[in-house]
1. Would you mention how many residues in the range A:29-47 are within 14 Å of chain B (Cβ to nearest Cβ) and of a type outside the set (G, A, S)?
2. Given the criteria within 11 Å of chain B (Cβ to nearest Cβ), part of a helix (DSSP H, G or I) and among the β-branched types (V, I, T), does A:I121 qualify?
3. Quick check on A:D264: is it surrounded by 15 or more Cβ atoms within 10 Å (Cβ to Cβ), modelled with pLDDT under 90, touching a strand residue (DSSP E or B) at 6+ places or on another chain (Cβ under 8 Å) and not small (G, A, S)?
4. Name the residues in the range A:139-157 that are in contact (Cβ under 8 Å) with a residue 40 or more places away in the chain and either outside any helix (DSSP H, G or I) or away from every other protein chain (no Cβ under 12 Å) (or both), would you?
5. Given the criterion crowded, with 23+ Cβ neighbours inside 10 Å, within 14 Å of another protein chain (Cβ to nearest Cβ) and either assigned to a helix (DSSP H, G or I) or in contact with a Ser or Thr (Cβ under 6 Å, 6 or more places away or on another chain) (or both), identify the matching residue among A:V50, A:V20.
6. How many of the residues in the range B:53-85 are assigned to a helix (DSSP H, G or I), crowded, with 17+ Cβ neighbours inside 10 Å, modelled with pLDDT under 85 and under 26 Å from the mean Cα position of the chain (by Cα)?
7. If the requirement is being among the aliphatic types (A, V, I, L, M) and touching a Pro at 6+ places or on another chain (Cβ under 9 Å), which of these qualifies: A:V61, A:V67, A:V50, A:V93?
Amino acid sequence: MAEVTLNDVRKVYAGGVEAVKGVSLDIPDGGFCVLVGPSGCGKSTLLRMVAGLETISSGQVAIGGRVVNEIEPAERDIAMVFQNYALYPHMSVYDNIAYGLRNRGTPKDEIDRRVQEAARILAIEPFLQRKPRALSGGQRQRVAMGRAIVRKPQVFLFDEPLSNLDAKLRVQMRVEIKKLQRALGVTSIYVTHDQVEAMTLSDKLVVMSGGQVEQVGTPTEVYRRPETRFVATFIGSPPMNILPGLVDGDGRVSVGGLTLAADDLPAGLEPGRHVDVGVRPEEVEVAPAGAPGAPFAIDFVEELGATELLHGTLGGSPFVLQVNTGAVSPGTKAVTLAIPSRCVHVFDAETGKRLGRAESATARAA
Amino acid sequence: MVERKHWFSTLLPHAILILGVLIVAFPVYVAFVGSSWDAGTIANGTMPMTPGPYLVENYSRVILSGNATAREPVGPMLFNSFVMAMIIALGKIAISIISAYAVVYFRFPLRKTAFWLIFITLMLPVEVRIYPTYKIVADLGLLDTYGGLAIPLIASATATLLFRQFFMTIPDELVEASKIDGAGPWKFFKDTVLPLSITTVAALFVIQFIYGWNQYLWPLLITTREDMQTIVIGIKKMLVTQDALTEWQLAMATAVLAMLPPVVVVLVMQKLFVRGLVETEK
């Protein structure tokens, strides 16, 4: 068990493409860090650099205080679970799990003890003598996990391990991975493009885009207080509504003629400055008839069962609202919305950075 | 697909297949029949279509004592052919699997050049480079040896290409998983690449064994001693005689014997083929 430290890690490919543009990160011992971002954001490259499968162009990667830049993958004391499992097709499940231990010269009885233990934890004991092709996707996934835990490494690396599973299994394995990681207490780095996986699994959520870290924090921090417009729209489903607006004096923004109060907007910004105003679809409520609020014209409704998505326009911009089914009677064309001032996020229109009060950020951190 | 069985739809394919089998098998049958008569009957001009009474006599003459024109009995010639074909087949597989492994998995200067040089040799079969090859083999003192018979035929671009194509279908993640599991290049080759290639190896072995077995021009050049002759040359020598009657029945018997080892190789390897076809799934 060990902490993982990344210090200004960069990856430049031979063609000059910079896939990772200087990432610094501290993952505490036993922490579960999830790297999330759209495809091509450099998250997998970063993970592969920690694994030693990609060379590090500059910067340092340290595992347990030891800089591992020049150390072979096998010597880094890590285990990796691949997206397509990468099981050896010609070996039995037992041999797949035992292979890494055998290569390290572990005594036979010790190997057997550890393989049996891993198989018991993952409930794959009945399949130990089968070949991987005779297993279902979920079972193969367990074998891949078994291969990782049997080594008792300092760090687990997961490269989109659930992408090849169907939706139901994915939810089930997600929970199991979390339980397993808790039980073993091994530092883990997990790469995914699925923000639900990212939110549910992580203690430390790292949102990446274009080779850079956009935000690091607990899932709640990242959800409650996105530091950039990108994070705001990437984390949360359905994504946050972004409306073009203007600063309208202290603590207020105007969006297409509507004036919204924003708690977190710092004082002293010049009025008329262009901003992007973000509002989460699930944080807005329909105001009772006659109450003051923002008029919202409904175009169409998507029913999700427990909730409904109302698509329409607010202040001249497209807007999505999530409400409990039945909150708006069918056929309604317009409603008034109550938008709480603590739920209004304001981002600089040009840089996409959050316009927020410094003290509220520190207050939350404390 | 659900298809209604009509007697015609069963009959026609079978008729075509049976016709094909007859066309291929008829000459073999004629050779077998020919090997069971005496010289006089065949020299008559009309080949009988049913086996004759001299079967045992002909084969025992061929196997035990040889005949008037090629004094060597068939046994040593079969052995020579077998050794040559085995060295060629195994040598080709050994060389091409490691060169393909190098080309696919290692990054070294001039890797592409090395690959294309191998590729270009496809255009230079034995017949084209026969003079320089003969010169080299002669200078090395390898005339009339198994080495001289087999080594110049071992280098194979075809097999290298086949292995390369196969290796490229092995997912990169397997290489990476092996690296993390602490397997170096040799272990990865031994534990993963080789077991996965076994069906390709079997296919190549069959093809190359038959290629080696059927060699004619090169053994003809390189062997002068009769005890180094291969079976293919032996058959040829039986047919061309200056003043005696060609002993067709013995030539046919030799030809039938010469067919047996490749047939055995195909039959034995076919099991592996089928197993590979049924099981291979990555």
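1. Within the range A:29-47, the subset within 14 Å of chain B (Cβ to nearest Cβ) is A:44-45, A:47.
Applying the additional criterion that residues be of a type outside the set (G, A, S) yields A:45, A:47.
Result for the range A:29-47: 2.
2. Working: within 11 Å of chain B (Cβ to nearest Cβ): no; part of a helix (DSSP H, G or I): yes; among the β-branched types (V, I, T): yes.
So A:I121 fails the test.
3. Details: surrounded by 15 or more Cβ atoms within 10 Å (Cβ to Cβ): yes; modelled with pLDDT under 90: yes; touching a strand residue (DSSP E or B) at 6+ places or on another chain (Cβ under 8 Å): yes; not small (G, A, S): yes.
Spelling it out, A:D264 is indeed surrounded by 15 or more Cβ atoms within 10 Å (Cβ to Cβ), modelled with pLDDT under 90, touching a strand residue (DSSP E or B) at 6+ places or on another chain (Cβ under 8 Å) and not small (G, A, S).
4. Here is the first cut: in the range A:139-157, the residues in contact (Cβ under 8 Å) with a residue 40 or more places away in the chain are A:140-141, A:143-151, A:153-157.
If the condition is that a residue be in contact (Cβ under 8 Å) with a residue 40 or more places away in the chain and either outside any helix (DSSP H, G or I) or away from every other protein chain (no Cβ under 12 Å) (or both), then A:R140, A:Q141, A:M145, A:G146, A:I149, A:V150, A:R151, A:P153, A:Q154, A:V155, A:F156, A:L157 are the ones that fit.
5. Working: A:V20 fails: within 14 Å of another protein chain (Cβ to nearest Cβ).
Among A:V50, A:V20, only A:V50 is crowded, with 23+ Cβ neighbours inside 10 Å, within 14 Å of another protein chain (Cβ to nearest Cβ) and either assigned to a helix (DSSP H, G or I) or in contact with a Ser or Thr (Cβ under 6 Å, 6 or more places away or on another chain) (or both).
6. Summing the residues that are assigned to a helix (DSSP H, G or I), crowded, with 17+ Cβ neighbours inside 10 Å, modelled with pLDDT under 85 and under 26 Å from the mean Cα position of the chain (by Cα) in the range B:53-85 gives 2.
7. Numbers: A:V61 fails: touching a Pro at 6+ places or on another chain (Cβ under 9 Å); A:V67 fails: touching a Pro at 6+ places or on another chain (Cβ under 9 Å); A:V50 fails: touching a Pro at 6+ places or on another chain (Cβ under 9 Å).
Among A:V61, A:V67, A:V50, A:V93, only A:V93 is among the aliphatic types (A, V, I, L, M) and touching a Pro at 6+ places or on another chain (Cβ under 9 Å).
Table: residues versus (1) surrounded by 18 or more Cβ atoms within 10 Å (Cβ to Cβ); (2) touching a residue at least 24 places away in the same chain (Cβ under 8 Å).
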residue	(1), (2)
B:R129	no, no
B:I136	no, no
B:D144	no, yes
B:A150	yes, yes
B:L153	yes, yes
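The values are calculated or read from the model by the stated rules, or taken from the named source; none is laboratory data. Remember, predicted model here, so these are calculated numbers, not experimental data. All Cβ positions, even for glycine, are placed from backbone atoms using ideal geometry, and neighbour counts span all protein chains on display.
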